[in-house]
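The values are calculated or read from the model by the stated rules, or taken from the named source; none is laboratory data. The model shown is predicted, which means the values in this text are computed figures rather than measured ones. No Cβ is skipped: glycine too gets one built from the backbone with ideal geometry, and neighbour counts run over all protein chains shown.
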Amino acid sequence: MTIEQLINKANEAYAKSDFDGAMGFLKEAGLQGSMNAALDYAYQLSSSKPKEAVQYLDSIPDSVRPIVHYHQLLIGYFGQVHSSDSEVVEKLLQLAKQGVIEASITLLAYAPVKSPEFEYVAKGLQQKSPNIYQQLQLNRFLSDGHTMLSGNEASELLKAHFESATRLDKKARNVIEDVMPIVVYEDVLSAFECHYLITKFSPMLEPSMVVDPITGKGRVDSVRTSYIATIVPQVADWITRKIDTSIALLTNTHVNQGEALSLLRYEAGQEYKPHYDALSVGQDAAIFQDGGQRVKTALVYLNTVEKGGCTVFPKLNLKVAPVQGSMLVFPNTDEQEKTILNSYHAGEKIIDENKWLVTKWIRKCTTNYGRFIYGN
């Protein structure tokens with residue numbers, strides 16, 4: 001069969017929920033020369049067999065292309081195929097020099113803004129792709145001084161950042177502890193990561209919905225007037241996986257328990273009225289099947305809001321103001337999976353500026369998103 005025929009067969013198999021059959025057709029299409037089919041197959045294989053996924057990409061006709069090497073590196077890094085952070089950084093730097101934009105953006109997500117190593121990577125990206133450099137407004141994240149680093153110096157600094165990324169060394173501040181553990185973690189995301197998420201995923205925004213208790217389906221409602229973009233597996237990248245991992249570490253949960261990240265934007269006058277994030281087994285039965293109860297909520301603020309926009313806990317008379325890069329975490333249920341009444345919360349009305357954040361709802365068990373990206 002031709003590549004086109006194989007891809008059509010894969011789509012037909014998907015429509016019949018024959019996922020194994022679809023995978024077989026994609027695998028063959030990739031071996032015949034379709035890089036997109038090969039990547040689709042490799043990513044679907046990666047959650048259960050990341051080593052095999054990396055090896056498969058070595059066997060396709062496009063295996064020599066730098067962009068394929070980047071995806072191999074991504075799969076290998078999060079699949080723990082690569083044991084050395086030093087090796088990963090060296091390969092990313094090499095790919096960045098070859099013009100792989102994704103490699104440069106990945107390195108920028110690990111480097112502190114306004115640092116010499118951030119500038120080293122950013123200037124390299126400016127030479128390779130001035131349009132992307134401008135779209136990401138990277139000048140905003142450079143220092144006024146000009147400290148020139150050698151490639152070896154930048155490499156060593158970046159390796160140290162990769163090694164520290166998975167350590168629980170973020171500053172935590174307990175907002176309140178005697179009633180329920182509400183915790184704020186500072187500097188979870190850099191200013192660049194916050195800006196990147198807004199820039200990349202804001203075109204996907206659509207009106208937020210609530211679950212209709214009668215139909216079980218989403219509907220627009222005045223209780224929630226924001227805009228939302230769900231970062232589904234098809235658009236998840238290295239940086240969103242990095243965020244998934246950080247949230248799992250800081251909340252002491254497994255990365256596969258998370259729902260997909262959601263980007264949220266609240267404009268002036270918009271709000272999310274008081275509500276619970278915990279699911280009702282009866283009213284939310286369909287949603288409940290995907291991982292069980294929402295045991296925790298994590299909100300990561302992407303910008304600092306001066307007026308309004310606080311996350312409010314009315315029963316506790318508590319407000320948490322949005323601060324760029326910080327993350328608010330609170331439980332929704334107790335050990336018996338009963339809704340914690342004090343978890344009743346709201347997104348305060350915005351006064352005169354947009355509020356941006358990403359939300360991660362964490363379930364009791366593995367979610368469909370978690371299984372697809374990270375396996376069981």
* Could you name every one of the helices (runs of 4 or more DSSP H) located completely within segment 72-164 that has at least 1 residues being closer than 30 Å to S47 by Cα and touching a Lys or Arg at 6+ places or on another chain (Cβ under 8 Å)? => 85-97, 101-110
* Name the single residue, out of those in segment 280-312 being assigned to a loop (DSSP other than H, G, I, E, B), without any contact (Cβ under 8 Å) to a residue 60 or more places away in the chain and surrounded by fewer than 22 Cβ atoms within 10 Å (Cβ to Cβ), that is nearest to the chain's Cα centre (by Cα). => T304
* Structure fact -> Residue hits (segment 245-296; within 17 Å of P233 (Cα to Cα) and either of a type in the set (S, T, Y) or outside the structural domain of V235 (by TED's automatic domain parsing) (or both)) are T245, S262
* Kindly establish whether D290 is over 21 Å from K200 (Cα atoms), at pLDDT below 95, among the acidic types (D, E) and in contact with a Ser or Thr (Cβ under 6 Å, 6 or more places away or on another chain). => yes
* **Some residue of segment 345-365 being among the polar types (S, T, N, Q), closer than 22 Å to V179 by Cα and touching a strand residue (DSSP E or B) at 6+ places or on another chain (Cβ under 8 Å)** => no
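Would you say W361 is closer than 30 Å to A53 by Cα, of a type in the set (F, W, Y) and assigned to a strand (DSSP E or B)? Please lay out each step first, then the result.
Details: closer than 30 Å to A53 by Cα: yes; of a type in the set (F, W, Y): yes; assigned to a strand (DSSP E or B): yes.
Here the answer is yes, as W361 does meet what is asked.
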* Could you pull out the residue among A103, A37 that is over 22 Å from the mean Cα position of the chain (by Cα) and among the hydrophobic types (A, V, I, L, M, F, W, C)? => A37
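Yes or no, residue by residue, for (1) more than 26 Å from Q270 (Cβ to Cβ); (2) at pLDDT 95 or above; (3) acidic (D, E):
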| site | (1), (2), (3) |
| --- | --- |
| K338 | yes, no, no |
| S343 | no, yes, no |
| D352 | no, no, yes |
| L357 | no, yes, no |
| W361 | no, yes, no |
| K364 | yes, yes, no |
| N376 | yes, no, no |
* Considering (1) in contact with a Pro (Cβ under 9 Å, 6 or more places away or on another chain); (2) modelled with pLDDT of 95 or more; (3) surrounded by fewer than 15 Cβ atoms within 10 Å (Cβ to Cβ), say which one E153 fails and leave the rest. => (2)
* Just one of G124, G99, G76 is under 19 Å from T240 (Cα atoms) and surrounded by 15 or more Cβ atoms within 10 Å (Cβ to Cβ); which is it? -> G76
* Regarding A122, is this residue in the same structural domain as D144 (by TED's automatic domain parsing) and in contact (Cβ under 8 Å) with a residue 24 or more places away in the chain? -> no
* Does at least one position in segment 199-206 carry a residue that is modelled with pLDDT of 95 or more, in a helix (DSSP H, G or I) and of a type in the set (A, V, I, L, M)? -> no
* Name every residue in segment 1-51 that is without any contact (Cβ under 8 Å) to a residue 40 or more places away in the chain and outside any helix (DSSP H, G or I), in order of residue number. => M1, T2, K16, S17, D18, G33, S34, K49
* Exactly one condition in (1) closer than 27 Å to I101 by Cβ; (2) modelled with pLDDT under 95; (3) under 28 Å from the mean Cα position of the chain (by Cα) is not met by A15; state its number. => (1)
